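Heads up: the structure comes next, in structure tokens.
The values are calculated or read from the model by the stated rules, or taken from the named source; none is laboratory data. All values reported here derive from a predicted model rather than from experimental measurement. Because the Cβ atoms are built from the backbone with ideal geometry, glycine has one as well, and the counts that use them run over all protein chains shown. Just the protein is used for accessible areas: all its heavy atoms, side chains included, with ligands, DNA and RNA removed. Shrake-Rupley method; radii C 1.70, N 1.55, O 1.52, S 1.80 Å.
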Amino acid sequence: MCGIFGYVTNKEDALGPILIAAAERLTYRGYDSVGAATINDGKIDLRKDTGKVDSVAAKYNIAEMRGQRGITQLRWATFGEPSQINSQPHLDSNGDMVGAHNGNVVNNVELREEFMAEGMTVRSQNDGETCVHAVERYIQRGYEFIDAIRLAYGDLQGDYAFVIGRANDDKLYAFKKGSGMVIGIGDGFTCLSSDLPSLLPLTREIIRPQDGEIVTLWADRVEVRSVKDGKIVAHKTETVTETMDAVQKGGYPHFMLKEIHEQPQVARELLHLLDGSPEVETLIEKMKKARHLYFIACGTSYHAAMIGSVYFAQLAGKPVIPVLAPQFIAQYAPAVGYEDVGIFVSQSGETKDVLNALEAGEKRGMACYGLANVIGSTLTKATSFCLPLCCGYEISVPATKTFTNQVITFLYLAYRMAGLDTKELEKIPELMEQTMETTSAQVEKIAGEINKWDDMYCLGYGATCSIALEGALKLKEITYAHCEGMLSTEFKHGPLSAVSKGFPIIFVAGPNDVPLIISGVNEVKVRGARTIVIAEDDSRLRSNADDVIVLPKSDASIAPLLGVLPLQMLSYHMSVMRGFDPDFPRNLSKTLTVD
Ligand code: M6R
């Protein structure tokens with residue numbers, strides 16, 4: 001969700017291609033507008049508009065932009081509609097400063113009014129411009145630049161990262177409050193970005209500033225100061241070892257397909273890590289003693305929390321309340337206390353809804369732990385400890401490998417709580433590989449056959465209910481068709497009336513639920529539905545359903561997890577067949593850092 005990148009060099013350089021390439025690397029975050037600004041010999045050159053990076057870059061010839069300092073920004077509209085004027089970066093009143101942000105300044109409206117009343121030229125509704133004027137306000141009052149930034153930091157409420165430069169100055173300045181920002185130090189240049197992947201092709205020497213710190217970037221050095229007292233804060237430079245391979249498609253046409261195929265490998269790595277993790281034991285002890293145990297998340301991560309709660313009850317006899325993060329605040333936070341434990345689950349570790357729930361739980365003294373993929377994210381820092389999902393970068397907006405690793409983590413924890421031998425779980429990676437091998441062609445064929453439908457259902461029971469919900473979310477997210485996920489037994493309580501000839505209904509069946517699913521299949525089949533069942537081979541299913549997508553034989557606790565793979569592939573193929581880009585579905589963002 002929005003992304004910023006800044007670059008400082010000591011010679012007048014062709015910055016356009018550097019800025020375009022950085023913007024391309026930030027696109028996975030989701031955006032609707034693109035902008036670039038360069039500063040050269042006291043002049044600011046600003047070009048921006050709505051649209052994709054390549055089209056905006058071509059329209060405004062961004063490649064020709066030169067300078068000693070450059071900023072690029074990708075915007076995902078929150079304050080102000082997507083438009084040229086609301087695109088970032090933004091200038092101050094006189095065009096002496098240029099800046100851009102990612103995240104949200106929640107007192108944007110109030111501040112804009114104050115700035116206009118103070119006589120500043122406010123051109124847009126966007127909160128990125130508000131950040132620029134917040135600094136301008138204190139420059140106008142006679143403060144030195146760093147002090148103006150410190151005071152602006154105090155005025156800007158919300159979660160954001162911000163970069164700003166001045167026409168007659170050889171530096172860029174940046175600070176963050178609640179959003180990610182990484183600084184890179186290269187040979188003859190420095191740079192900054194909302195995230196690490198966009199810096200990797202440029203440098204491996206990085207610094208991770210904290211909230212409440214201001215970074216000044218010269219071409220050959222970086223200085224970090226505290227907002228509170230302006231004193232220098234020492235930061236060690238880290239050498240990053242990850243390769244750019246991780247953020248490239250590795251031969252697949254889309255990141256989503258690559259990430260689906262990475263699932264067996266990341267599952268293997270996760271299981272190794274869990275076996276060696278001292279934190280697992282601590283967490284199990286805390287969870288065992290908990291008066292109430294909550295799994296709190298949003299979207300796909302919530303579906304993992306749901307299946308996790310089924311595993312905990314079925315395997316370890318421990319009841320868990322899985323809850324959507326905003327609903328946790330309303331429904332449970334007022335009643336939680338020191339005896340309760342909350343596990344906050346998030347791929348990004350930056351989902352605002354989840355962080356808000358965390359804050360609400362912590363305020364009441366609840367013990368809070370995390371499960372996140374992005375190490376160094378806010379969730380990993382704000383919880384007592386956070387188990388990593390070990391998936392590497394998940395670029396595609398639809399979550400796939402992070403979901404299966406979340407489910408595996410819960411399954412592993414349930415096994416350990418129940419005192420079961422986790423050796424059984426070591427079969428998971430191979431079972432996933434088999435599932436992909438044996439179901440892929442059939443799934444692609446079915447995708448072609450049902451793709452004309454813009455409405456369908458995905459049903460499951462017990463652990464597979466969460467899988468059905470997850471499959472339906474994937475289908476909705478990247479095919480733009482409506483697919484509702486539901487407990488199979490609920491279908492007869494209303495939705496049954498939607499069934500017409502050929503209407504696709506997908507069932508995900510666990511090995512113990514076959515008789516129940518057979519009833520469900522027949523109930524809709526006699527009314528004309530096309531029934532597709534994802535399950536282990538069973539003659540009863542074969543003789544009742546139109547199609548059976550056969551999963552390899554596995555333990556009853558593992559089977560539901562395997563069931564999600566054909567659903568991921570089905571949604572992928574349908575999306576591509578419809579001509580959409582499954583990696584970057586319209587209107588969506590990978591990291592939802594807003595309320
Ligand atoms: O980063 P998080 O796991 O906290 O994100 C939560 C949801 O926004 C996310 O799972 C979303 O539902 C996915 N894009 C679905 O594929």
Using only Cα atoms, tell me the angle between helix 127-140 and the longest principal axis of the chain; keep it within 0 to 90° and round to the nearest 10. 30 degrees
Excluding residues fewer than 8 positions from Lys423 in its own chain, the lysines with Cα under 24 Å of it are Lys286, Lys288, Lys318, Lys401, Lys553
Quick one: work out the % antiparallel among DSSP beta bridges in the chain, nearest 5. 60 percent
For region 252-420, alpha-carbon Rg over 2.2 N^0.38 Å: 0.97
If you roll a 1.4 Å probe over the heavy atoms of the protein chains, what accessible area per residue do you get for region 3-248, in Å²? 38 Å²
Quick one: of Lys476/Lys525; Lys171/Lys231; Lys231/Lys590; Lys176/Lys236, which pairs are farther than 25 Å apart, Cα to Cα? Lys231/Lys590
Using a probe of 1.4 angstrom, how much of the accessible area of region 257-361 is carbon and sulfur, in percent? 55 percent
Could you pull out every one of the aspartates and glutamates with an alpha carbon less than 12 Å from that of Lys427, ignoring same-chain neighbours closer than 8 positions? Asp555
Against the empirical 2.2 N^0.38 Å scaling, what ratio does the C-alpha Rg of region 3-248 come to? 0.91
Please report the orientation-averaged projected area of region 81-123, defined via the convex hull of its C-alpha atoms, in nm². 3.3 nm²
Per the rule of 0.36 nm per residue minus the C-alpha distance, extending Arg66 to Met577 adds in nm 179.8 nm
Given a cut-off of under 8 Å on Cα pairs at least six residues apart, what relative contact order in percent is computed for the chain? 11 percent
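Excluding ligands, DNA and RNA, what is the solvent-accessible area per residue of region 439-595 at a probe of 1.4 Å, expressed in Å²?
Values: 5770 Å² over 157 residues.
Result: 37 Å² of accessible area for each residue.
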Straight-line reach from Lys59: which lysines have a Cα under 23 Å away, not including same-chain ones fewer than 8 places off? Lys43, Lys48
How far, in nm, would the chain grow between Ile85 and Asp54 when pulled straight, counting 0.36 nm per residue and subtracting the alpha carbon separation? 9.3 nm
Can you divide the C-alpha Rg of region 439-595 by 2.2 N^0.38 Å and report the result to two decimal places? 1.00
Once all Cα-Cα distances of region 478-531 are split into 10 Å bins that start at 0, what whole-number percent is in each one? 23, 57, 19, 1
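How large is the Kirkwood hydrodynamic radius of the chain, in angstrom, based on all distinct alpha carbon pairs?
Every distinct Cα pair counted, the radius reaches 25.3 Å.
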When the Debye formula is applied to the Cα atoms of region 1-77, each taken as the same point scatterer, what base-10 log of I(q)/I(0) results at q = 0.15, 0.19, 0.24, 0.26 Å⁻¹? -0.42, -0.66, -1.02, -1.16
Between 0 and 90 degrees, rounded to the nearest ten: what's the tilt of helix 278-289 against the longest Cα principal axis of the chain? 60 degrees
Just the number, please: carbon plus sulfur as a percent of the accessible area of region 3-248, 1.4 Å probe, no ligands or DNA/RNA counted. 47 percent
Could you tell me what percent of the accessible area of region 486-595 is made up of carbon and sulfur, with a 1.4 Å probe and every protein chain present? 52 percent
Give me the orientation-averaged projected area of the Cα convex hull of region 67-192, in nm², one decimal. 7.5 nm²
Pairs of alpha-carbon atoms within less than 8 angstrom and 6+ residues apart define the contacts here; what relative contact order does region 12-139 have, in percent? 25 percent
Folded to 0 to 90 degrees: helix 352-363 orientation relative to the chain principal axis, Cα: 90 degrees
Segments 114-120, 516-522, 156-162, 67-73 sorted - mean Cβ within 10 Å per residue, highest first: 67-73, 156-162, 516-522, 114-120
The answer for region 252-420, accessible area per residue at 1.4 Å probe in Å², is 34 Å²
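Multiply the residue gap between Glu424 and Asp229 by 0.36 nm, knock off their C-alpha separation, and tell me the result in nm, one decimal place. Mind dumping the intermediate values first?
Values: separation 195, 0.36 × 195 = 70.20 nm, distance 5.56 nm.
Stretched out fully, the Glu424 to Asp229 stretch lengthens by 64.6 nm.
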